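Step one of this worksheet: look at the structure below.
The values are calculated or read from the model by the stated rules, or taken from the named source; none is laboratory data. Here the structure is a predicted model, which means the values were calculated and not measured. Using ideal geometry, Cβ is built from the backbone for each residue, glycine included, and neighbour counts are taken over all protein chains shown.
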Amino acid sequence: MTGTAKLLHEGKAKQVYATDDPEVVLIRFKDEATAFDGKKRGTIEAKGPINARISSILFTYLEANGVATHYLGTAGERDLLARRVTIIPVEVVVRNIAAGSLARRLGLAEGTNLELPVLELYLKDDELGDPMINRYHVRALGLAADAELETMEEAALRVNALLAAHLEPLGLRLVDFKLEFGRTAAGRLLLADEISPDTCRFWDVRTGEKLDKDRFRRDMGGVEEAYREVLRRLEAGQGG
């Protein structure tokens, strides 16, 4: 990518650039970190390259197991190539263990195992604080067709099953995570965005140590080390 590449979009954690192929974009992962809808800001050293590599590994794993994603490959230590999509402004969250907002809303002790995965929908809108919505809101706001939403929910639960089974032997417990989906110009629905400690809660299976963005949110320290540990375990598991 040249220095004159057109910046299509810049979010809190990534920049999206045009490429010579109108159907392909370059996604650059930044070291900046935010929490609480952007109210807390900081920098995590080497977060961009680490998250790009983690996302690459996990997207590759999901593609190999039949999940359609936007991922096409890497283009540098902090850059991924991806199919160009229009992001649907609905975040799909899957929870396996009570943590964060779910623990607070339902009065559950953090760490409570849920008998079944809980799937939630959130409107992707920073100004509104990404409020929780349901399928009736999605329909009323025209955010996605019923069939698209059903596909997104089914894909999210499949991703949950695949990742949980893959990560557990690596000593990583998948507590919860957020997914985003997008449409290609031809209308194909793909898993998009990223899968990383920014968007997932990972706990050490044995100790319960947090290895994700909660370390930044809660001023726990050791954020870069936690992200690196997730990457180390994923890379160690690639030969399995």
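Remarks
Let's see how each residue does on (1) at pLDDT below 95; (2) touching a helix residue (DSSP H, G or I) at 6+ places or on another chain (Cβ under 7 Å); (3) within 23 Å of Ala185 (Cβ to Cβ):
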site: Lys14; (1), (2), (3): no, no, yes
site: Glu23; (1), (2), (3): no, no, yes
site: Ala33; (1), (2), (3): yes, yes, no
site: Ile44; (1), (2), (3): yes, yes, no
site: Ile57; (1), (2), (3): no, yes, no
site: Thr60; (1), (2), (3): no, no, no
site: His70; (1), (2), (3): no, no, yes
site: Leu80; (1), (2), (3): no, yes, yes
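- Taking the listed residues Glu77, Glu45, Glu63, the one that is acidic (Asp, Glu), outside the structural domain of Val138 (by TED's automatic domain parsing), out of contact with any Cys (no Cβ under 8 Å at 6 or more places or on another chain) and within 25 Å of Leu149 (Cα to Cα) is Glu63, with no other qualifying.
- Of the strands (runs of 3 or more DSSP E) lying entirely inside the stretch 1-112, those containing at least 2 residues that are in contact (Cβ under 8 Å) with a residue 24 or more places away in the chain and within 15 Å of the chain's Cα centre (by Cα) span 24-29, 32-35, 79-83, 90-97.
- Unmet criterion (only one of (1) among the charged types (D, E, K, R); (2) out of contact with any Phe, Trp or Tyr (no Cβ under 8 Å at 6 or more places or on another chain); (3) more than 18 Å from Arg218 (Cα to Cα)) for Glu110: (3)
- Residue check, Asp198 in contact (Cβ under 8 Å) with a residue 60 or more places away in the chain and touching a Gly at 6+ places or on another chain (Cβ under 9 Å): no
- Filtered by the rule that a residue be of a type outside the set (A, V, I, L, M, F, W, C), over 17 Å from Tyr71 (Cβ atoms) and crowded, with 21+ Cβ neighbours inside 10 Å, the stretch 179-208 gives Pro197, Arg201.
- Count - residues of the stretch 210-240 that are at negative phi and free of Cβ contacts under 8 Å to residues at least 12 places away in the same chain: 6
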